[in-house]
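Derivation of every value follows stated rules applied to the coordinates shown; laboratory data play no part. A quick note: this is a predicted structure, and the numbers were derived from the prediction, not measured. We place every Cβ from the backbone using ideal geometry, glycine too, and count neighbours over all the protein chains shown.
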Amino acid sequence: LYAPPVQRLITELGKLPGIGQRTAQRLAFHILRADADDANALADAIREVKERIGLCEVCFNLADGPRCRVCLDERRDATVICVVEEPGDVIPIERTHEFPGRYHVLGGALSPIDGVDPDDLKIAPLYARVERADPPVREVVLATNPTTTGEATALHIAAALRERAAGVAVTRLASGLPVGADLEYADEVTLGKALAGRRAL
Ligand SMILES: [Zn+2]
């Protein structure tokens, strides 16, 4: 139906989350109509993130060097670690301005059905980090999503930390977040309250 380059663009755009075939076509035609400069800027931006952005060697957040901005910031409290599923979950928590600590990004949630086991996530590095921390970690806040897999992941990590690091408080975000939703979509006020009202797990 389309010239092969156009079809290729539609196919690639259609692989993005939430983009159906019709939207992919609309976006493709928008790009075709756009100035060459704008279209190239989009292509360059995609290429640049893939080339320059990696994972922080400490917390596995996105970083444009060996360490992310939060880990490089000496003012951040290293004795409190907030555990999230994806790098995208760090942003909404940062926006609340309620969390002074550091992060640990798991890279997903446990889901035996989908074949996601503890070894597939950055769970072992979390334990190592907590065990080796100097100054010692006081609290681990489990801010995985309020979904079935997120809850299961929080419980799994809480049980392991109780055994490995008995002195560390393990807390979970207060309820009030929309159940089944991703942290990413929570508004700042709700998320701020959930953080402030976190409870022992
Ligand atoms: Zn980091």
Scanning the range 127-149 for residues that are away from the ligand (no atom under 16 Å from the Cβ) and surrounded by 21 or more Cβ atoms within 10 Å (Cβ to Cβ), the one nearest to Arg198 (Cα to Cα) turns out to be Leu142
Restricting attention to the range 32-78, and to residues there that are within 22 Å of Gly101 (Cβ to Cβ) and of a type in the set (Lys, Arg), which single residue is nearest to the ligand (Cβ to nearest atom)? Arg67
Six or more apart or on different chains, Cβ atoms under 6 Å: show the pairs whose first residue is in the range 9-29 and within 15 Å of Ala39 (Cα to Cα) and whose second is part of a loop (DSSP other than H, G, I, E, B) and not charged (D, E, K, R). Leu13/Ile19
On the given criteria, is Arg67 charged (D, E, K, R) and surrounded by 15 or more Cβ atoms within 10 Å (Cβ to Cβ)? yes
Residues located in the range 101-126, provided they are part of a loop (DSSP other than H, G, I, E, B), surrounded by fewer than 21 Cβ atoms within 10 Å (Cβ to Cβ) and under 17 Å from the mean Cα position of the chain (by Cα): Gly107, Gly108, Lys122
